[in-house]
Each structure stands twice: as structure tokens, then as C-alpha cells.
Ligand code: ADP
Ligand code: ZN
């Protein structure tokens, strides 16, 4: 039993006439979940988090994207009088959440630097009038004295800090302005706070509690499995062609994100994809705000769009129906990777990701870290974080087991990742490693992989002749192993730090640190490698079932209705000036197409249909169902 469910709504503080928020505080969180958001039950840790917060205690909630972290402060906000303050670093995310809340009939507002003056005054006016249930605010705006003083007089019900890992240098997206949020302790000593993030290892968690001055907070961690995501990794060979093959296998109309390392590459890749017939656009911090908003708007609104984004830029994309994510360049850590692939399939429908990794990527990131001005301790941790991701990519075991283990959890082999679907074999690569390392060393540590492979295989090339490599003892010692296999072995040795790519030179290979290399050359250290396989089949192709993830669940008659419902949704969304998913998620339309509700009461039973949406949309959609049946 929730402590708060005994509380009775306090009518004296409810919104006055003309207010946008018609609801008195809910006495029961489940009722709020049902009536406002149309969901039947809380998921896992949600009720723990909500219960704890409503009991007045601070919470740190670490749960993955798509878990439903926002409900953990939105529901308590609906169960309390006063205004809940939500600190959010990204304007796009803020705008999206506010739109969704308003659509659900909740009086939500936001304050940030992008707001025109007149609108800001209106927001402040509603705040003073106690008419705001949830206020989303950027950290720098919140910390202005004016804002804090105003809020102090406003009966703040709770404070939520979104993307809380931004407060920590150990996290992967440190934002200095987040540090100043510790001031909230002084301003609102009695107000319970909840910090939420999708990614924080133990060290980052401890740092968040410390930085935000919430030592007594209840720490809730979990829900890291994303069973609807199918994770694929592949060696980077011909990235654009690999991407093209992956995209060709996607269901029609599915939207996705391609991540690349640099702005320039984002532009180039988007251009190439557009040339190949994809509706692709680049999206990065170097674009002016107007263009960025325009592109983001298209991505949110239209089907079948591709956004090519830089890894470093947090896109702030809350689009629930991103069906796939491809990394053309490797992120810097397992956490960053997890967060980025996590942008796929927030609606719980099947989605697929592909991560390409190559030796150059790994060497490049290592060098960036080594050459940064960060303190040695930070560098050490960053290199370790990279190794964890490389370990996942190069490993032969179930990816999900690897990911969950990283987050301190476990599971059985999942049957829904590339390693489970196409098991890879491990091999003892000690002898191969010795041959390859010797070849690199004997040829002077200046030649690229192509020539090293030639030397190992005994190919009498012009280069070999010119450099008299035929006379070396290593020449031809690996003749029995194929070219592609040797390439893969060299890459694996590089990602394991036994070889390094000279990025200044022309991609020449040299030996890694002596303390790593020597034991291998002496045969004292085992080298386990993934048995190289020929690239027989592009990731995802033969496994993609049916023309569409949605159609896979729907009969052809249902699909026709689903399309008609989508058209109606598009029309309503356009009129309201919001993305289609703000009206209804695909999940709701899919069930609508299957269950074909014939009455308001049946419509109200659909997932994602709360009171406000029932009033607003039941009639329009029921008419479509009736006309198609
Ligand atoms: P997060 O912030 O953790 O990434 P969101 O708060 O955006 O996740 O929620 C992800 C999706 O899950 C949303 O579409 C939301 O409506 C849905 N959701 C949240 N809680 C529940 C629940 N208890 N039952 C069903 N769906 C839920
Ligand atoms: Zn698996």
C-alpha cells in the first residue's frame, strides 16, 4: 500500500477557474497511470521509485531508455499539489515531453532560452497562478536567481533531474552547468528529488549522489534488458555498402539513425545515402538551430526517414518508433553505445541495430584519449570503457549476456542477437598472433595490413621484392590461411592492443606496448580470437521476417485498417502541429486494427488511451474502424 494513497486530494490548492489542469491531485498513482496515460500497470521498478518519492525520500533511478523513467516523476507530480520541477538538458526533449503531457490533459510548461519573450511571460504567469503541474526547465535557466525565488514561493512538489549522468565527470556526457544543481539542496531542503539516467556505472552513480548532495537517496537500478532490440556487430569492411544492405532489409517506412564520428562525415554520408534514394539528412551541432529544428521535425513527423548524426551530439530524440540504429563508427564506451542503440524501439516493437567496428576506429579513439588534456586517472578510465565495448564487439558470446553483465545483471543466452542466431567460434590464436606480430616487427613496423598479409601469405608482390621481404623468415609462414582471415586476425590483434595503427603515417601497423606483446611472443599469454568467417550474408537480411515489423503481427485486412488509422493519425497530428506519435503510438493503432473497437468503452480499453485522448480522438478513430470493417 502506498503511503500516499491515504492522502486525500486537497481541493484548496487545485487549479482555479480557467486553468489548463482540470485535475485535482490523484490519491492513487495507479489511477493516475490509467486515467492520464492509459496504461494498465506499473513496470518493474516504477512503483518502487514512485512509492519512495511520494514517501518524501530522494531517489536515484538508473534504467534504460524506453523503460518509462518519466512516469516515475510525472505520476508523483499528478499525485501532489503544487508544481513539479523537471530539470532537462535538451530543449528538444523538453518540448516533446511537454507536448505529450498536454496531449494527455496535463498542465505542463517549459522554460528555456529558446522561448520567445511573450511566451515566457505567459509561462511565468501560469506558474505564479499555481496553474502548472509540471515545469520543465533547463539547468542554467533554473539556477538564475529570479527563477529560484519564484519557485520558492510556488509550492514545489518534487524536483526531477533528467539525464543525471551529466553531473558526473565519470559519465559520458559531462555538463558543467549540472554541477551547480547542488544548490537545490539549499533552496528546497524539504522537497524530494529524483535523479534519473539511462546509463551510470557504479562510479558514476556514487558521483551523482555526491554531486547532487543526495547521500540518503534510494538507488534503484534495473531493467537493462531491451528484449525487443536485436543487436548485431560486424567488422567494418565497406561501411556504406554494409549500411545499404542493412537498410535494404528493413521493413518499408521504418525510420532510423546512422551514427558517424564527425560532422563532415555526417554530411557526406547523408549525401551519399540521398544519392542512393534514401530520405536521409545530416543532423549535428554545427547546423544552425533553424535547420536543425526543421530536420528534426521531419524525422519525427514522417515515416521512413534516415538521420545521420554525430556520435558526440546528443540528439534529444524521443521518437518512440525509431526502428533501427546503425553505427558506422564505434562509440567511445559501452555506455555510449548502449544509449545510442537504445534510441531504437522505445515503443517495445521489434527493432534492430548494427554496429560496425574496425581497427582504425579503436586506434583513433585510443589516440584521442591519450592525447587529451584529461588527468591520467580519467584517461585510464576512458580507455577501460573503450575496451569494454571492444570486448563486447569482438566477443563470441551472447551480446545480451555481455551487456547485462556490464550493468551488473544476468540472463540466459537470448536467442535474439547475432551471436545467438549465428554462433561464432573462439579459437586459440597464439600461433597466428606470433606470426603476425613477427611479420610486423621484421618488416620495420611501417607497412599497412594489406602488405603484412601478403608477407604472411608469401605473395611475391612488387613491394615485397623492392623491400626484399622474400628473404625474411616470416615470409609465407601463414600461406595456409586466407587473406580475409588474416585481415580479421590483424584487426583483432589491434583491438586487443597487441598492434597499433599509425594514424599519422599511412595506416602502418606497429607493435603495441611491450608489456602486452612480449608475453605473447614468448608464448606465455593465451590469445583467444574469434574464428574469422567469410562475410557470407549481410547482417539482418535473411532474418528479417516479412515486409514489415508491424505487418508481421497483422493480417492483411488488419494491415489495411492499420494504414487507414495511420492516415487519420497523420491528419490529426498535422492539424494539432505535433508529431504523429504524440497523438497515438503505433502500439495503440496496431491493437486498434486488431481489436476493432466499436464503442467508446472498448476504445478506452486500448493501451495508451487515457481520459483526455478518449475525449479527443475516440470519435475520429471509431469512424475509421467502422468504415473499414
Ligand atoms: P525513458 O524516459 O525511460 O526513456 P519514457 O518515459 O519515454 O522512457 O517511456 C517510454 C515509453 O514507455 C513511453 O511510450 C511510455 O508511454 C511507456 N510507458 C511508461 N510506463 C509505462 C507503463 N507502466 N506501461 C506501459 N507503457 C509505459
Ligand atoms: Zn543473444
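Would you give the gap between the C-alpha center of the range 380-414 and the C-alpha center of the range 262-307, rounded to a whole Å? When both Cα centres are located, 31 Å separates them.
Note on the range 355-506: Rg/Rh from C-alpha atoms, Kirkwood Rh, equals 1.04. Averaging Cα coordinates gives a centre for the range 603-626 and one for the range 55-118; these two points are 24 Å apart.
Principal axis extents of the C-alpha atoms in the range 136-278 (largest first, rounded to whole Å): 57, 32, 28.
Average projection, convex hull of the Cα set of the chain: 30.3 square nanometres.
Based on DSSP H runs of at least 4 residues, each adding -39500 (n - 2.57), what is the mean residue ellipticity at 222 nm of the chain after dividing by all its residues, to the nearest 500 deg cm²/dmol?
Calculated at 222 nm, the ellipticity per residue is -12500 deg cm²/dmol.
Given R0 = 25 Å, the distance between the Cβ atoms of residue 272 and residue 422 translates into a calculated FRET efficiency of 0.35. For the range 551-628, pairs of C-alpha atoms spaced more than 20 angstrom apart make up 21 percent of the total. Only Cα sites of the range 203-305 enter the Debye sum here, all with the same form factor; the resulting log10 I(q)/I(0) across q = 0.18, 0.25 1/Å is -0.97, -1.40, listed in q order. Computed with the Debye formula from one identical point scatterer per Cα of the range 229-421, without solvent, the log10 of I(q)/I(0) at q = 0.13 Å⁻¹ comes to -0.69. For 584, 407, the sequence from fewest to most other C-beta atoms within 10 Å is 407, 584.
Under the classification rounded if a/c is under 1.5, otherwise prolate if a/b is larger than b/c and oblate if not, where does the range 11-221 fall, given a ≥ b ≥ c as square roots of the Cα gyration tensor eigenvalues? Since a/c reaches 1.5 but b/c is at least a/b, the shape of the range 11-221 is classed as oblate. Does a label point 7 Å from the Cα of residue 113, set along Cα-to-beta-carbon, have any residues of the range 172-189 with amide nitrogen under 16 Å, and which are they? From the range 172-189, the list is 175-180.
Taking Cα atoms only, the orientation of helix 359-371 departs from the longest principal axis of the chain by about 70 degrees.
Between the range 431-492 and the range 555-599, what's the alpha-carbon centroid distance in Å? About 59 Å separates the Cα centre of the range 431-492 from the one of the range 555-599. As a rough footprinting exposure proxy, the listed residues 173, 615 were ranked by other beta carbons within 10 Å of their own, and the order from fewest upward is 615, 173. Here 475, 37 are placed in order of increasing Cβ neighbour count within 10 Å, fewest first, which gives 475, 37.
To the nearest 10 degrees, how steeply does helix 556-576 sit against the main Cα axis of the chain, on a 0 to 90 scale? Taking the Cα atoms of the chain, the angle to 556-576 is about 70 degrees.
When every alpha-carbon pair in the range 426-530 is counted, what percent end up more than 17 Å apart? More than 17 Å apart: 47 percent of the Cα pairs in the range 426-530.
Can you tell me the relative contact order of the chain? Whole percent, Cα pairs under 8 Å, sequence separation 6 or more.
13 percent
Against the chain, whose longest principal axis is taken from its Cα atoms, helix 611-628 shows a tilt of about 70°.
Can you tell me what share of the DSSP beta bridges in the chain is antiparallel? A percent to the nearest 5 is fine. The partial results should precede the final answer.
On the way: 7 of 58 bridges.
About 10 percent, rounded to the nearest 5.
Computed from the coordinates by the stated procedures, all read-outs in this text should not be read as laboratory data. Just so it is clear, the structure is predicted and the values come from calculations on it, not from any experiment. Cβ coordinates were reconstructed from backbone atoms using ideal geometry, including for glycine residues, and neighbour counts include every protein chain displayed.
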